[in-house]
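Visitor: Let me begin by handing over the structure; questions about it come next.
The values are calculated or read from the model by the stated rules, or taken from the named source; none is laboratory data. Just so you know, these numbers come straight off a predicted model, no measurement behind them. Glycine also receives a Cβ, built like all others from the backbone with ideal geometry; neighbour counts cover every protein chain displayed. When the accessible area is computed, the model is the full protein with side chains, heavy atoms only, and any ligands, DNA or RNA have been set aside. Shrake-Rupley method; radii C 1.70, N 1.55, O 1.52, S 1.80 Å.
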Amino acid sequence: MYSVNYHRASSVDEAAKMLSGASEAKLLSGGQTLIATMKQRLAQPSDLVDLRHISEIKGVDVRGNIVNIGAATTHAEVAGNAALKAACPAICHLASHIGDPAVRHMGTIGGSIANNDPAADYPSAMLALGATIHTNKRSIAADDFFTGLFETALNDGEIIKGVSFDVPEKAAYAKFPNPASRYAMTGVFVAKGAGGVRVAVTGAGSNGVFRWTDAENALSGNFSASALDGVSADADGLMSDIHASSDYRANLVKVMAKRAVAAA
Amino acid sequence: MDLSGEYRIPASRERVWEFLNDPDILKQCIPGCEAIAKDGDDKFSATVVLRIGPMKVRFTGNVSLTDKVYPESYRISGEGSGGIAGHAKGGANVRLTQDGSETILNYSVDTHIGGKIAQLGSRLISSTSKKLADQFFGKFTEVASQSVSA
């Protein structure tokens, strides 16, 4: 790893100042991707601004029908939060299957969605739950937030403070993990709420997380796994690598969607 | 890893050919290109910053134009080293077909990436290559269309 200046921010405002004051600073929010990349010398930021110790953006708050999760909340905290488990067990289940225990105790929801890895779990939940991503500048709907492979609507210097979503009527997440990394080779988050049925797929699309509208249409009339029998995912635009071809992934999309609906 | 695609450019084939051979236009279109200098006929040296998610690697290398058949087709290929990160090699066969006052550009791209960046990024190479090819030819189409209407 190249040498780097480490800064621990105690507030979001302070983090924003630290970020703009350095020549090539990166935000650190768990570092489960960034630190590994830096160790391999594939990234060389001049400064790191650590967000994980900012208390104002940590923790889960379930108030009435609305869930708020602070950006610096770890996956383990999301997985183990009792109030959240009562309101939306699907997201706790999702968080409990990210990586391994070490990853879950360091990695954060804000870090995961800002990185927008095409195989990360959280982006699918945000998209299916119709979540809103709150930054230090504005609020962005999940539909507008994830713009492509590792790309988000975030501008330079913009910091995610947290996410919020309405408690869904039904929701579930099913993933086929890569046995080594636990990244989703395909993961499908299904949610039924006031806005209808939303189905979001991660790990499969070449351009990152996406909504599977054919499945949404099929499920909006009949929310059962059999409603997906006649629907198939298009292999065009899906990832192909040594672990799975795009055809295989297309099949996984359908299988995981059916499992998610059955579990919801 | 192989990719192909097609773009339609509202300019004559001769104009498109000129653009494809202009280092300034290439610099604007090669994603992450910081500098490009002409080393000789159809040879350029270039510095390109490749970003894949958290990775940011600066490659220095050469770009050359070969198999030129005016104004129909050529091959643009590049080879670069990113130091400890690994190396990248790739090229695109480009074919131009006149269609009325417009030109249809067909390309097929092949890429080879080796070293650490390939080991760590293997699951991302095909998606990233597609994205970079789309960026290059998308931007090229945009630049070529603009300079015609200007």
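Visitor: Suppose we keep only residues that are within 30 Å of A:ALA153 (Cα to Cα) and away from chain A (no Cβ under 11 Å) within region B:37-59. Which one would you say is surrounded by the fewest Cβ atoms within 10 Å (Cβ to Cβ)?
Guide: Here the answer is B:VAL49.
Visitor: Is it fair to say A:ALA235 is in a loop (DSSP other than H, G, I, E, B), within 14 Å of chain B (Cβ to nearest Cβ) and touching a residue at least 12 places away in the same chain (Cβ under 8 Å)?
Guide: Taking the combined requirement at face value, the residue satisfies it.
Visitor: A further question follows. If I filter region B:7-45 down to residues being in contact with a helix residue (DSSP H, G or I) (Cβ under 9 Å, 6 or more places away or on another chain) and of a type in the set (Asp, Glu), which single residue comes out as farthest from B:GLY114 (Cα to Cα)?
Guide: If we take residues in region B:7-45 being in contact with a helix residue (DSSP H, G or I) (Cβ under 9 Å, 6 or more places away or on another chain) and of a type in the set (Asp, Glu), then B:GLU18 is farthest from B:GLY114 (Cα to Cα).
Visitor: Also: Within region A:40-52, is there a residue that is under 19 Å from the mean Cα position of the chain (by Cα) and more than 8 Å from chain B (Cβ to nearest Cβ)?
Guide: yes
Visitor: Here's a follow-up. Kindly provide the set of residues from region B:1-43 that are in contact with a Ser or Thr (Cβ under 7 Å, 6 or more places away or on another chain) and closer than 28 Å to B:GLY82 by Cα, ordered by number.
Guide: Hits for region B:1-43 are B:MET1, B:ASP2, B:LEU3, B:SER4, B:GLU34, B:ALA35, B:ALA37, B:ASP39, B:ASP42, B:LYS43.
Visitor: Could I ask something else about it? Which of (1) closer than 28 Å to A:THR33 by Cβ; (2) surrounded by 14 or more Cβ atoms within 10 Å (Cβ to Cβ); (3) polar (S, T, N, Q) does B:SER122 not meet, given it meets every other one?
Guide: Condition (2) is where B:SER122 drops out.
Visitor: With the requirement that a residue be at pLDDT below 95 and over 26 Å from A:ILE54 (Cβ atoms), what does region A:139-176 give you?
Guide: A:GLY148, A:LEU149
Visitor: Still on this structure: I'd like to check something: does region A:153-171 contain any residue that is open to solvent by 10 Å² or more (accessible area, probe 1.4 Å), in a loop (DSSP other than H, G, I, E, B) and free of Cβ contacts under 8 Å to residues at least 12 places away in the same chain?
Guide: Checked region A:153-171: at least one residue is open to solvent by 10 Å² or more (accessible area, probe 1.4 Å), in a loop (DSSP other than H, G, I, E, B) and free of Cβ contacts under 8 Å to residues at least 12 places away in the same chain.
Visitor: When B:GLU102 is evaluated against the numbered criteria (1) open to solvent by 20 Å² or more (accessible area, probe 1.4 Å); (2) at pLDDT 90 or above; (3) under 12 Å from the mean Cα position of the chain (by Cα), which criterion, by number, is the only one it fails?
Guide: Going through the list (1) open to solvent by 20 Å² or more (accessible area, probe 1.4 Å); (2) at pLDDT 90 or above; (3) under 12 Å from the mean Cα position of the chain (by Cα), B:GLU102 breaks only (3).
Visitor: State which residue is modelled with the lowest pLDDT when the search covers only region A:194-212 and only residues that are under 16 Å from the mean Cα position of the chain (by Cα) and open to solvent by 30 Å² or more (accessible area, probe 1.4 Å).
Guide: Across region A:194-212, the extreme among qualifying residues is A:ASN207.
Visitor: Part of a helix (DSSP H, G or I) and either within 14 Å of another protein chain (Cβ to nearest Cβ) or open to solvent by 20 Å² or more (accessible area, probe 1.4 Å) (or both), is that true of A:SER226?
Guide: Criteria met by A:SER226.
Visitor: Taking the criterion of being open to solvent by less than 50 Å² (accessible area, probe 1.4 Å) and either free of Cβ contacts under 8 Å to residues at least 24 places away in the same chain or more than 14 Å from every other protein chain (Cβ to nearest Cβ) (or both), would at least one residue in region A:176-185 satisfy it?
Guide: no
Visitor: To continue, here is another question. Of the residues A:ALA257, A:ALA191, A:ALA215, A:ALA264, which is at pLDDT below 95 and crowded, with 21+ Cβ neighbours inside 10 Å?
Guide: Exactly one of A:ALA257, A:ALA191, A:ALA215, A:ALA264 is at pLDDT below 95 and crowded, with 21+ Cβ neighbours inside 10 Å, namely A:ALA264.
Visitor: Does A:ARG104 satisfy being surrounded by 20 or more Cβ atoms within 10 Å (Cβ to Cβ) and assigned to a helix (DSSP H, G or I)?
Guide: yes
Visitor: Of all residues in region A:91-127, which are more than 14 Å from chain B (Cβ to nearest Cβ) and small (Gly, Ala, Ser)?
Guide: A:ALA95, A:SER96, A:GLY99, A:ALA102, A:GLY110, A:SER124, A:ALA125
Visitor: Of the residues A:GLU24, A:GLU56, which single one is over 17 Å from the mean Cα position of the chain (by Cα) and either more than 30 Å from B:GLY83 (Cα to Cα) or more than 14 Å from chain B (Cβ to nearest Cβ) (or both)?
Guide: Among A:GLU24, A:GLU56, only A:GLU56 is over 17 Å from the mean Cα position of the chain (by Cα) and either more than 30 Å from B:GLY83 (Cα to Cα) or more than 14 Å from chain B (Cβ to nearest Cβ) (or both).
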